[in-house]
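Before any comments, here is the structure.
The values are calculated or read from the model by the stated rules, or taken from the named source; none is laboratory data. The structure presented is a predicted model; accordingly, all values stated were derived computationally and were not measured. FYI the Cβ positions are ideal-geometry reconstructions off the backbone, even for glycines, and counts take in every protein chain you see. The accessibility values were calculated without ligands, DNA or RNA, using every heavy atom of the protein model including side chains. Shrake-Rupley method; radii C 1.70, N 1.55, O 1.52, S 1.80 Å.
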Amino acid sequence: MNVYSFFFFLTIIFYIFNSEADFDPESYKIPFVVMSLSSLSAEVHSLLQMHDGTLPLLSFPDCYAAAFSPLQVGNETLEDGVPLEHLITCVPSIAVVTAQNGFKVIKWVNNKPPGQNSESWFQRCKSPVGNPQLVQFSREIIDLLKSQPSCLMPISKFIPSYHHHFAKQCRVSDYGFSKLLELLEAVPHVLQIIGMGTKRLLTLTHRAQVKRFTQDLLKLLKFQASKQVALKDFMQAYHWCFSRDWRVTDYGVCDLTDLLAEIPDTTITITNQTTDTVISVPKRERTVEEMERTKQFAKEAVDLLRHQPHCRMPFSKFIPTYHHHFGRQCKLSYYGFTKLMELFEAIPDNLTVLECGEEKVLILTEVERIKALAAQLVKLLRAQKNFSLSVSQLLVEYSKTFGYGLRLQDYDAATLPALLAKLCHVVKVVDGSDGREVQLINRKSLRLLTTQLLALLMSQESDQVAKGMKVEELSHQYLSVHGAQLNPCEYGFLSLSELLKSLPFLIELYVEESGENVEDCSGGGREVEWVRLTRLYQFARSVRALLHTYHYNQIFLTEFQGAYSKFTGCSLESRFYGYMSVDDLLGAIPQVVWIKGHAHKRIIVLKNDMKAKPSSSVPSSPQPGESMESPRDSPISSTTSGTQSPGCDADSELLRLASPIDLLCGPVPSCLPSPQLHPDPVLLQQMDLIDFERTPPPQPQTELESVEEAAADGPSDPAERRGGSDASPSLPEGKNILSMDSPGRRASRSRFKLAANFSFTEGL
């Protein structure tokens, strides 16, 4: 140690002991300084190295001036200044504690210089999670100090300010303490006490200030259209967002960059450009699986809030309530987020976050609240006689059934009739014997409608399936095909869009800006809703088209995969649709196919509702002249022209099979029809068809029988005999010709009569 350091150390020790001995705490004035936190950090650590890790707070200005340069010290009225004691505690790994003699000293957190992997400053003071009263008091402290200039308040004004701000008394005994100072010291994670004596000041800790600034900054960035703001425009953007001027001292530091340095990179992104620095929200591209999981989470959140009174709950209770309700943890990374608030912001159509001071409240959107109320009224009215209830008794019965009252303001309704008008798709108000009554509406089943909508969407052109069709166009097609208007209220929905949203596994809705000239007030194109089949049911459409090419619309399961690959031109990968096997994949489309049989004899059968073939303009199944061939086509049959009739196709195809292979062992031509049995028409006569007739009654020979006998000597070709009208001579008008196989003709040749005669005919 040199002579200069020795005399400097003696001077400091002499000053400390003399100043502390004669020091009056009531005369102490808290110094306010203007200094960057980044520059103060290195200098504080250097002073602690010189003084063995401990330095009195009262001596810090003189020691700092002796080692570096005088501090820019002001007073409490300095608008741009920050209390020195608070600024020192903002330095990482540095703490200000009270010694045994009652004076405050500056020291390292762990009584040694911080290492490279030292514990961060914000991990020192834990939140009082075990005492819910102190947790609530901590929030009240933050809310109270936020309303004060520079977040500073004299300790003597705390009780009246608390009473004025919250309109209630601050009873220290309610928290288990006897003195106010003990209560204030019980929340060190949010409250810092600066100074000594009766002139002590209360302010927020640096940890609470950084957390508060992070929330305000994210709100400001999300307020911007581009989700970013330049540093030069920060003050103006702050004023527009919060309706107050920007003052960095309100957050306990003197420089904005000190606050930005405390926020992690996963929360905001700072980009240094040539002209300015840009602050933005980091963008992370979420996977398709994460977005699908988020949609499922939206349904779970709606289900959870539906069980809460008035469909709302505190933000802080969501995680434990979710765990209790579903029996599993809510992992944010499972949905592609790092914060719960970001997850809620990703489902704005289902959930809204309201800020009531420091407390956040989750509430369902108005559309979801109407749905929840509709379900409650259905449950309530089904328990009543004749499914009806007097309007005057509705609110009383609602409170008895669900345990809380029905608040009209939650549904933006001034009167009960106005609220019931919003539920016209569920209930109706009629005149009863005792006055006006609320009754349930008989809703139609969605099963038939689901099949009809699937058939319409599956009848699209192949190149339009991925895009789908407009919701309005779907309604028009339903009207033209079924001859009736599609009314969603008949199925319990307010709009067709809500009806389609109730079928998320079959169809999906998306919004696209229309290219029409119609523009909204914002100047953009009009948003149009489109509907399309999900990826799974686009596969189901191909399966339906494949089965349309088979007789009886069925195929063996063992042959399906090869036939599908040949029909579509691509291999079938069940994992692409999220299933482990083809059996599981086919079992996931019960509206289209079902599997019957056992073991290797299992057969895929098309549902009866899906057997109606589409129009000729829809290429759901191969058409004549198309390049796509049927899975059953042989390489030779694929060259057959599609302009000939089925009979000509069969003959020409069989003639071209110039192969030494036996035809019975080869592939069956696709155009060869299958034999089918059809009953011939029977002319009912007044006779007994069961008892034997020993001797048929004599009948006079008529002109018709003479014609039949003449026709019997004609050509013996079965085709000509079946077409007797073409092979027989002309008869006078009003005469009917019976075919050669008619029961009237066979009656003279057989001892007994048959009710119907079956013959082999060509299939369609």
Taking segment 437-511, which chymotrypsin sites (Phe, Trp or Tyr not before Pro) meet the DSSP loop condition and have no more than 14 other C-beta atoms within 10 Å?
PHE505
Rel. contact order, % - alpha carbon contacts under 8 angstrom, at least six apart, segment 245-362
20 percent
I want to check the label-to-label distance for PHE223 and HIS189. Put each point 7 Å from Cα in the C-beta direction and report it in nm to one decimal.
2.8 nm
Select from segment 402-440 those chymotrypsin sites (Phe, Trp or Tyr not before Pro) which occupy a DSSP coil region and have at most 12 other Cβ atoms within 10 Å, ordered by residue number.
TYR404
How much FRET efficiency would the formula 1/(1 + (r/R0)^6) give for LEU446 and LYS283, where r is the Cβ-Cβ distance and R0 is 30 Å, rounded to 0.05?
0.15
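As a test of reading the structure, rank THR271, THR549 by solvent-accessible area (1.4 Å probe, protein chains only), most first.
From most exposed to least exposed: THR271, THR549.
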Lysines whose Cα lies under 20 Å from that of LYS219, excluding same-chain neighbours fewer than 8 positions away:
LYS146, LYS211, LYS227, LYS232, LYS283, LYS339, LYS360
Is the C-alpha gyration tensor of segment 265-318 telling us rounded, prolate or oblate? Criteria: a/c under 1.5 is rounded; beyond that, a/b larger than b/c is prolate, otherwise oblate.
oblate
Per residue, the convex hull enclosing the alpha carbons of segment 168-326 has a volume in Å³ of 209 Å³
Which three extents, in angstrom, do the Cα atoms of segment 148-220 have along their principal axes, listed largest first?
40, 29, 22
Sequence of LEU40, LEU557 from largest to smallest accessible area, 1.4 Å probe
LEU557, LEU40
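How would you classify segment 277-416 from its alpha-carbon gyration tensor, with a ≥ b ≥ c the square roots of the eigenvalues: rounded for a/c under 1.5, else prolate if a/b is greater than b/c, otherwise oblate?
prolate
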Keeping all protein chains in position, work out how much accessible area CYS330 exposes to a 1.4 Å probe, and write it in Å² to the nearest 10.
20 Å²
If you roll a 1.4 Å probe over the heavy atoms of the protein chains, what accessible area per residue do you get for segment 225-381, in Å²?
54 Å²
In order through segment 554-559: 3J(HN,Hα) via Karplus (6.51 cos²θ - 1.76 cosθ + 1.60), integer Hz, x for Gly, Pro
8, 8, 5, 5, 5, 9
In nm, to one decimal, how far is the modelled label at VAL391 from the one at SER39, with both set 7 Å along Cα→Cβ?
7.5 nm
Rg(Cα)/(2.2 N^0.38 Å) for segment 403-479, N = residue count
1.72
From the Cα centre of segment 477-492 to that of segment 271-329, the distance in Å is 37 Å
From the phi angles alone, apply the Karplus equation (6.51, -1.76, 1.60; θ = phi - 60°) to segment 179-188 and give each ³J(HN,Hα) in whole Hz, x where the residue is Gly or Pro.
10, 5, 4, 5, 5, 5, 6, 7, 10, x
Ratio Rg/Rh, restricted to segment 373-507 and using Cα atoms, in which Rh is the Kirkwood radius
1.08
GluC sites (Glu not before Pro) restricted to DSSP loop in segment 316-394 with at most 16 other C-beta within 10 Å:
GLU358
Run the Debye formula on the Cα coordinates of segment 171-259, all scatterers equal and no solvent, and tell me log10 I(q)/I(0) at q = 0.14, 0.22 1/Å.
-0.65, -1.07
Once you have a ≥ b ≥ c as the square roots of the Cα gyration tensor eigenvalues for segment 236-299, tell me rounded if a/c is under 1.5, and otherwise prolate or oblate according to whether a/b is larger than b/c.
prolate
